[in-house]
Amino acid sequence: MRELIVISGKGGTGKTSLTGAFAHLDREKIICDLDVDAPDLHILLSPKVILQEKFISGNEAVIDQDKCQSCGTCAEMCRYDAISFKDDKYLVEPLRCEGCKVCVSFCPEEAVEFPPRYCGNWYVSSTRFGTMVHAQLFPGAENSGRLVALLRQKARAKAKEEGRNLILCDGAPGIGCPVISSLSGTDLAVVVTEPTPSGLHDLMRVAELCSHFKIRVAVIVNKFDLNQEQTSKIQDYCRKNSHELVGNIPHDDIFTRAMVEKKVVTEIRDSNMALMVKQTWEKISDLL
Amino acid sequence: MDPKRKSNLIVSIASGKGGTGKTTVSASLACVWKKPVLAVDLDVEEPNLHLFLNPEISHQEKIYLETPVVDESKCTLCRMCSDLCQFQAIKVMGETLLTFTEMCHGCGGCLAICPEKALSPGQRELGILSQGSSLGKISFLMGSLRVGEAMSPPLMTIVKKRMMEILGKERADAIIDAPPGVSCPAVCAVMDSDLIILVTEPTPFGFHDFRLAWESFSSMGKPMAVVINRAGLGDSSVYRFCDEKKLPILASIPYDRNIAQAYSKGQVVARLSPELEHKFSDLARELQGYDREAAYA
């Protein structure tokens, strides 16, 4: 079984539109949306949920006001400035609480409770392109690498069960915890970039991250015709660093038109774009 | 964050979805801002604001997180530290206490709880903080996460502390370029600002993530306003939503290949035409107006 992740470093370069199209083009895969923070793939795939489960991760501190003697130990020891003193009361601000348990352990009155944190839901769904594993964190919840790891584990189990040979993952922007969690043990990272200073800068950082984990990198330049000079810079960078260039996609609002129709771009008939995306996918398939 | 701070305005530019134009709006606002302004890049995973403001960097420092170091000669393997640690960063394996520094969140609990004083503070590099100025009038501050480092909020917190120190001295306003998303890094970026500008594009993805951002940030009770980028693309959902929730749309940047091309050359969009400059000056004036109302409230 092979695992492929589509990432970008910079947000908004076209990861999800392309992942959706790849899901259409490959018949033998499980689809997995690993952007658990702001997932969008479901907008194109209209999944029907088969299984929904709670994602519970870590704990959060809550001060029992009946027991609290206002000694202030918790606020002094909290390194996240999560405990404030308002109206003669010590209160934990949930958005700042890291769930480290320091206040719970050091409170002399044992006045800090530590309930589990219900952070979001995860789903197994059916789509017109096959089974999809996805999730949605609650707004403001911890963007957990743990949820990404859990989804990948579920996707692998599903692939085994259905006898699929590929897990196609849509990743998150950035280079932090969710992206790191989505890279471990992946066979290929497809980085979608754009010919802008931000696109190249962020490609370099995310490709360096992939190299750090010894993961092979393939690059798609989206909107390549927006700036030929920047596109050449990206191509040079890829050649120097032995990253495969698998496609140049032109700037075209057909992606948005497809999105408005809740379709992937390869479902739009009689378009050159469908052909170009198909050729790109064939090159990626050869690398797997 | 600092109750004494009254005269400065802190505006964060956030979005939910990536690539909607946060950096475009942040750079443009910084360039047309009438008062002294500090431009802060808190998208530490992929900071891009410097690519448009081209600041001269006058100061750089490495930022560290405090992590534990074990003195084996003092450790009695009592496990109080490993029982406390919620992040699997310190564990007894056989007859040894091991630390997994990259898992550590820097809470300091193990150091405080050890009865034998067998743990001392060590450090893990989080990234680099850079300070400088651009065009002689914009103060500049950014955090850049070390590639391979998983946690961005600890570095963001330190950059925010530096921002407050600078604002305390310079009496400038601050414009924060926030990371995409709606979970902990994005919340961390906007939580200390006075108002939040949500930049979105009127596409289904843009709208979906915009709504998540609105839900996520609403709980903080801060005023929010909207800038629509690539207006003319997509559909009308975002307009209907703003109308329904009484979210003011303060500016609208048209969908225009010329703007995309200028961005691709690292140009600041507010500098492209008198119309665009006007649009951002109006936006800046509107935001600065909010400052006065707040100060007199």
Exercise. When only C-alpha pairs under 8 Å and at least 6 residues apart count, what is the relative contact order of chain B, in percent?
Worked result: 27 percent
Problem set entry | Buried accessible area, chains B and A (both chains, 1.4 Å probe, Å² to nearest 100) | 4900 Å²
For this session: Please find, in a Gaussian network model of chain B (springs between Cα atoms separated by less than 10 Å), the residue of B:Leu287, B:Leu51, B:Leu141 whose mean-square fluctuation is greatest.
Result: B:Leu51
Exercise. How far apart, in nm, are the 7 Å Cα→Cβ label points at B:Met103 and B:Asp256?
Worked result: 5.4 nm
Exercise. Relative to a virtual label point 7 Å from the Cα of A:Asn272 in the Cα→beta-carbon direction, which members of segment A:223-261 show backbone nitrogen distances below 18 Å?
Worked result: A:223-228, A:247-258
For this session: Quick one: check the C-alpha center-to-center distance for segment A:31-54 versus segment A:238-288, whole angstrom.
Result: 21 Å
Exercise. Ordered by packing density, taken as the mean number of other Cβ atoms within 10 Å over each peptide's residues, highest first, how do B:192-201, B:224-233, B:153-162 rank?
Worked result: B:192-201, B:153-162, B:224-233
Exercise. Roughly how tilted is helix A:145-162, in degrees to the nearest 10 and between 0 and 90, from the longest Cα axis of chain A?
Worked result: 50 degrees
Exercise. When the chain is fully extended, how far beyond the present Cα-Cα distance does B:Glu244 get from B:Arg146, taking 0.36 nm per residue of separation?
Worked result: 31.1 nm
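So what's the net charge close to A:Val104: Lys and Arg +1, Asp and Glu -1, counting the other residues with Cβ under 9 Å from its Cβ? Spell out each step's value before the answer.
Working: positive: A:Lys101; negative: A:Glu110, A:Glu113.
So the surrounding residues net to -1.
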Problem set entry | Anchor A:Lys240: lysines whose Cα lies under 23 Å away (excluding residues fewer than 8 positions away in-chain) | A:Lys10, A:Lys214, A:Lys223, A:Lys283, B:Lys265
For this session: Could you pull out the chymotrypsin sites (Phe, Trp or Tyr not before Pro) across segment B:33-122 that fall in loop regions by DSSP (anything but H, G, I, E, B) with no more than 15 other Cβ atoms inside 10 Å?
Result: B:Phe100
Exercise. Considering every residue in A:43-53, what mean count of other chain Cβ atoms within 10 Å of its Cβ is obtained?
Worked result: 1
Problem set entry | Top of A:Pro116, A:Pro47, A:Pro178 by mean-square fluctuation, Gaussian network on chain A, Cα under 10 Å | A:Pro116
For this session: Evaluate the distance, in nm, between pseudo-label points positioned 7 Å from the Cα of A:Glu161 and of A:Glu208 along their respective Cα→Cβ axes.
Result: 4.1 nm
For this session: Would you kindly calculate the mean projected area, averaged across all directions, of the convex hull enclosing the Cα atoms of segment A:61-114, in square nanometres?
Result: 3.1 nm²
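Using alpha-carbon pairs under 8 Å, 6+ residues apart, how would you state the relative contact order of chain A in percent?
Relative contact order comes out at 27 percent.
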Exercise. Pick from B:Leu119, B:Leu65, B:Leu276: which is most flexible by mean-square fluctuation in a GNM of chain B where alpha carbon atoms under 10 Å apart are linked?
Worked result: B:Leu119
For this session: State whether segment B:1-103 is rounded, prolate or oblate according to the following rule on the C-alpha gyration tensor (a ≥ b ≥ c being the square roots of its eigenvalues): a/c under 1.5 gives rounded; otherwise a/b larger than b/c gives prolate, and the remaining case gives oblate.
Result: prolate
Problem set entry | Estimated inter-spin distance, B:Glu66 and B:Gln288, nm [label 7 Å along Cα→Cβ] | 4.1 nm
Exercise. What residues of segment B:42-63 lie in the reach of a label at B:Met220, counting those whose backbone N is under 13 Å from a point 7 Å from the Cα along Cα→Cβ?
Worked result: B:42-43
For this session: Just need the relative contact order of segment A:93-163 here, percent rounded to a whole number, with Cα pairs under 8 Å and 6+ apart.
Result: 21 percent
Exercise. Setting aside same-chain residues fewer than 8 positions from B:Lys117, which aspartates and glutamates have a Cα under 12 Å from its Cα?
Worked result: B:Asp71, B:Glu72
Seminar exercise, completed: Gyration tensor on Cα atoms of the protein assembly as shown, a ≥ b ≥ c root eigenvalues, a/c under 1.5 rounded, else prolate if a/b beats b/c, else oblate, says oblate
Exercise. If you stretched the chain out fully between A:Lys89 and A:Ser184, how much longer would it get, using 0.36 nm times the residue separation minus the C-alpha to C-alpha distance?
Worked result: 29.8 nm
Exercise. Which length gain, in nm to one decimal place, applies between A:Met1 and A:Glu113 when the Cα-Cα distance is subtracted from 0.36 nm times their residue separation?
Worked result: 35.9 nm
For this session: Output the lone cysteines of chain B: those with no second cysteine's C-beta under 4.7 Å from their C-beta.
Result: B:Cys31, B:Cys75, B:Cys78, B:Cys85, B:Cys104, B:Cys114, B:Cys184, B:Cys188, B:Cys242
Exercise. For the protein assembly as shown, with every protein chain kept in place, what is the accessible area per residue (1.4 Å probe, Å²)?
Worked result: 41 Å²
Exercise. Which of the lysines could be linked to A:Lys263 by a straight reach, that is with a Cα gap under 17 Å, when you skip same-chain ones fewer than 8 residues away?
Worked result: A:Lys15, A:Lys48, A:Lys278
Seminar exercise, completed: So, over other residues within a Cβ distance under 12 Å of B:Asp71, counting Lys, Arg +1 and Asp, Glu -1, the net charge is 0
Exercise. So, with a 1.4 angstrom probe, what is the percent of accessible area on chain A that is carbon and sulfur?
Worked result: 46 percent
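The values are calculated or read from the model by the stated rules, or taken from the named source; none is laboratory data. Quantities reported herein were computed from a predicted structural model and do not represent experimental measurements. A quick note on method: Cβ atoms are made from the backbone with ideal geometry, for glycine too, and the neighbour counts reach across all protein chains shown. For the accessible areas, the whole protein counts, side chains as well, though only heavy atoms, and no ligand, DNA or RNA atoms are used. Shrake-Rupley method; radii C 1.70, N 1.55, O 1.52, S 1.80 Å.
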